[in-house]
Amino acid sequence: MQYETLNLDVAGQVATLTLNRPEVRNAFNETMIAEITAAFVALNERDDVRAVVLAANGKAFCAGADLNWMKKMAGYSDDENRADAMLLANMLSTVYRCNKPVIARVSGDTYAGGMGLISACDVVVAVESARFCLSEARLGLIPATIAPYVIRALGEQASRRYFASAEQFDCTTALRLGLVSEAASAEQLDATVAQIAAALCANGPQAVRASKQLVQDIAGAPLNDALIEDTAARIARIRASAEGREGVASFLEKRTPAWRD
């Protein structure tokens, strides 16, 4: 599939989806939102892809909403604004629920909606010079659509501060707060992303998929009998699966598992 606002490359078992509107700092418009959604729907169905890298061309990773798009929204009715907001909400949900692990390769500044995009990813590797900002309050807006993902990634207390203050913060702060998984120099960014992608691809693909779903289902869930039973059922199912049996057998027989062939 050809995209207007994205580039897609698949090498080995890793798909790299690159935001490609560097002239506007990779800001979102209707086309980019629709294309990101479509790309992740397609990647979800590809058995040859075991990990996805979300990258960006240009100096910024993503500056949030495109100014021309924002001008159009200013004239929308309430119903039109709701429908438009749902397109962004669905895009973020599609990234978050992708059945492959998603690594955000953050090569530059990330603002507003871009914060939601990286927060929907599983691993965030950022260049040390990157800056971050939830800038909506400066415009009299709120980061509502991205909030479910940012609060999970940033934490409640930090979100209370940065949602309201719209302060910019650096990569060191983002790393400390947990928004960023790992920081790297510009020279080491690609190598760091490649190392994590290789580690993901070395594992059983069904186990990786189930592990991602496990975290999404259990994070924040009450520790009760139902949860305990659910986790026991999950490990029982995967032990009995073909991949689970192959993994244990290959370990005991000291050989490479079939999914690495």
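Results, tabulated for the structure shown:
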| read-out | value |
| --- | --- |
| Which listed residue is within 24 Å of Leu87 (Cα to Cα) and either touching a Lys or Arg at 6+ places or on another chain (Cβ under 9 Å) or surrounded by fewer than 16 Cβ atoms within 10 Å (Cβ to Cβ) (or both), from Leu141, Leu200 | Leu141 |
| Residue ID - farthest from Ser119 (Cα to Cα), chosen from residues in segment 203-239 that are of a type in the set (Gly, Ala, Ser) and touching a Lys or Arg at 6+ places or on another chain (Cβ under 9 Å) | Ala210 |
| Given (1) closer than 23 Å to Gln206 by Cα; (2) at pLDDT below 95; (3) crowded, with 17+ Cβ neighbours inside 10 Å, number of the condition Gly12 does not satisfy | (3) |
| Flag for Gly178 being in contact with a Gly (Cβ under 8 Å, 6 or more places away or on another chain), surrounded by fewer than 19 Cβ atoms within 10 Å (Cβ to Cβ) and within 27 Å of Val14 (Cβ to Cβ) | yes |
| Check on Ser165, touching a strand residue (DSSP E or B) at 6+ places or on another chain (Cβ under 6 Å), over 30 Å from Gln13 (Cβ atoms) and among the hydroxyl-bearing types (Ser, Thr, Tyr) | no |
| Segment 115-141 residues that are basic (Lys, Arg), paired with ones that are in a loop (DSSP other than H, G, I, E, B) and at pLDDT 95 or above (beta carbon under 8 Å, 6 or more apart) | Arg131/Asp109; Arg138/Ala166 |
| Search result, residues across segment 121-150 that are assigned to a loop (DSSP other than H, G, I, E, B), of a type in the set (A, V, I, L, M, F, W, C) and under 13 Å from the mean Cα position of the chain (by Cα) | Cys121, Ile146 |
| Filter result for Arg105 (over 21 Å from Glu23 (Cα atoms) and either out of contact with any Leu (no Cβ under 6 Å at 6 or more places or on another chain) or of a type in the set (S, T, N, Q) (or both)) | no |
| Among the candidates Leu54, Leu87, Leu92, residue that is farther than 17 Å from Gln216 by Cα and in a helix (DSSP H, G or I) | Leu87 |
| Residue ID - surrounded by the fewest Cβ atoms within 10 Å (Cβ to Cβ), chosen from residues in segment 82-138 that are of a type in the set (Gly, Ala, Ser) and more than 20 Å from Ala63 (Cβ to Cβ) | Ala83 |
| Considering residues of segment 184-215 that are in contact with a helix residue (DSSP H, G or I) (Cβ under 8 Å, 6 or more places away or on another chain) and assigned to a helix (DSSP H, G or I) only, the residue farthest from Ala236 (Cα to Cα) | Leu200 |
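The values are calculated or read from the model by the stated rules, or taken from the named source; none is laboratory data. This one's a predicted model, so the numbers in the text were calculated from it and none came from an experiment. Cβ coordinates were reconstructed from backbone atoms using ideal geometry, including for glycine residues, and neighbour counts include every protein chain displayed.
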